[in-house]
Amino acid sequence: MMHTPEERFLLEKLAKGLLDGTVGDEREYRVYRSIYCGKQIRNGVPVSYRQDKPSGTTADGEPVEREEEIFDTEERKLEFLQRYGWLMKDKDVRAYSEKYKPGKKK
């Protein structure tokens with residue numbers, strides 16, 4: 001698939017690690033038990049996760065186990081930026097994400 005110059009620029013930023021870090025806040029959802037959800041970009045790869053405890057370590061010092069959805073293709077990376085880019089501090093990503101807000105005409 002051919003990408004626009006804007007999309008190629010954002011993919012380059014991802015590849016260089018310039019967008020690495022937490023995306024938005026970790027959220028707790030309570031149904032019959034608490035589930036903690038969040039989004040991160042690690043080494044240029046966006047990840048959405050779910051886990052039973054807040055991020056960090058367990059009382060035993062072990063990392064919290066999590067279920068992850070990895071956005072590892074160019075199309076999936078752009079999908080992540082479209083859906084969650086508005087939560088990021090980068091102005092280029094926010095402008096790109098703004099174009100894909102529900103109700104916006106493309």
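The values are calculated or read from the model by the stated rules, or taken from the named source; none is laboratory data. Owing to the predicted nature of the structure, the values given are computational and were not obtained by experimental measurement. FYI the Cβ positions are ideal-geometry reconstructions off the backbone, even for glycines, and counts take in every protein chain you see.
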Looking only at the range 54-72, and only at residues there that are in contact with a Lys or Arg (Cβ under 6 Å, 6 or more places away or on another chain) and surrounded by 13 or more Cβ atoms within 10 Å (Cβ to Cβ), the one that is nearest to residue 1 (Cα to Cα):
71
Hey, which of the strands (runs of 3 or more DSSP E) in the range 1-83, taking only ones fully inside, have at least 3 residues that are under 25 Å from residue 99 (Cβ atoms)?
21-30, 34-42, 45-51
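For (1) out of contact with any Leu (no Cβ under 8 Å at 6 or more places or on another chain); (2) not hydroxyl-bearing (Ser, Thr, Tyr), each residue gets a yes or a no:
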| position | (1), (2) |
| --- | --- |
| 29 | yes, no |
| 59 | yes, yes |
| 66 | yes, yes |
| 69 | yes, yes |
| 86 | yes, yes |
| 97 | no, no |
Taking into account only those residues within the range 58-72 that are within 23 Å of residue 31 (Cα to Cα) and not basic (Lys, Arg), which is farthest from the chain's Cα centre (by Cα)?
58
Just name the residue that is surrounded by the fewest Cβ atoms within 10 Å (Cβ to Cβ) out of those in the range 27-53 that are within 12 Å of residue 87 (Cβ to Cβ) and among the charged types (D, E, K, R).
27
Residues of the range 84-106 being of a type in the set (A, V, I, L, M, F, W, C) and in a helix (DSSP H, G or I), which ones?
86, 87, 93, 95
Consider the range 33-67. How many of its residues are modelled with pLDDT of 95 or more and among the charged types (D, E, K, R)?
2
Is there a residue in the range 73-82 that is under 18 Å from residue 25 (Cα atoms), touching a helix residue (DSSP H, G or I) at 6+ places or on another chain (Cβ under 8 Å), hydrophobic (A, V, I, L, M, F, W, C) and surrounded by 14 or more Cβ atoms within 10 Å (Cβ to Cβ)?
yes
